[in-house]
Amino acid sequence: MNVQLRGQGTELSMALRAHAERCVAFALRRFARRIDRVTVWLEDVNGPRGGVDKRCRITVRLRPNGGAFVAKSATDAYVAIGRAAGRAGAAVARKLAWMQETRPDLDERGKSGDRLALLIMRHGEEG
């Protein structure tokens, strides 16, 4: 799984990068075969004014197509990353379930599977 970390208005320390990679890996590990790329954006919304101003946005690109996007804000960057990663895992699970429900004939590469077996599963073997 390819994870890219980007910061805007905030410094991404090594500890913060390690935390983000750990959280994302934990939340998305079970979908690793289906994930092409994960981008984590961390930004300081209010700048020096303070308040709830750390926003973490996570974009997940899925194979063969599709994706999920989540955003979460908190006063602490570590909390925002953890919450956004958890939501990203749930969003990817919903998206993959929806894709499987609407297109069960496609495998994880976007290729059509065995059509005859699919028709038999859907309609039963008529004899």
Is one or more of the residues making up segment 26-48 of a type in the set (Ser, Thr, Tyr), under 20 Å from LEU96 (Cα atoms) and surrounded by 14 or more Cβ atoms within 10 Å (Cβ to Cβ)?
yes
Of all residues making up segment 58-102, the number that are of a type in the set (Phe, Trp, Tyr) and in contact with a Leu (Cβ under 9 Å, 6 or more places away or on another chain):
1
Scan segment 57-78 residue by residue and report those that are buried (at least 17 other Cβ atoms within 10 Å of the Cβ) and over 14 Å from the mean Cα position of the chain (by Cα).
SER73, ALA74, ALA77
Suppose we filter ARG115, ARG63, ARG109 for residues that are of a type outside the set (Asp, Glu), touching a helix residue (DSSP H, G or I) at 6+ places or on another chain (Cβ under 6 Å) and modelled with pLDDT under 90; which single one remains?
ARG63
By residue number, the members of segment 10-51 that are closer than 22 Å to ARG63 by Cβ, assigned to a strand (DSSP E or B) and of a type outside the set (A, V, I, L, M, F, W, C) are ASP36, ARG37, THR39
Selection within segment 8-38 - touching a strand residue (DSSP E or B) at 6+ places or on another chain (Cβ under 8 Å), of a type outside the set (Ser, Thr, Tyr) and modelled with pLDDT under 90:
GLN8, GLY9, LEU12
Residues that are modelled with pLDDT under 80 and surrounded by 14 or more Cβ atoms within 10 Å (Cβ to Cβ): does segment 79-98 have at least one?
no
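The values are calculated or read from the model by the stated rules, or taken from the named source; none is laboratory data. Small disclaimer: the values here were computed from a predicted structure and weren't measured. Cβ sites come from the backbone with ideal geometry, for glycine too, and all protein chains shown count toward neighbours.
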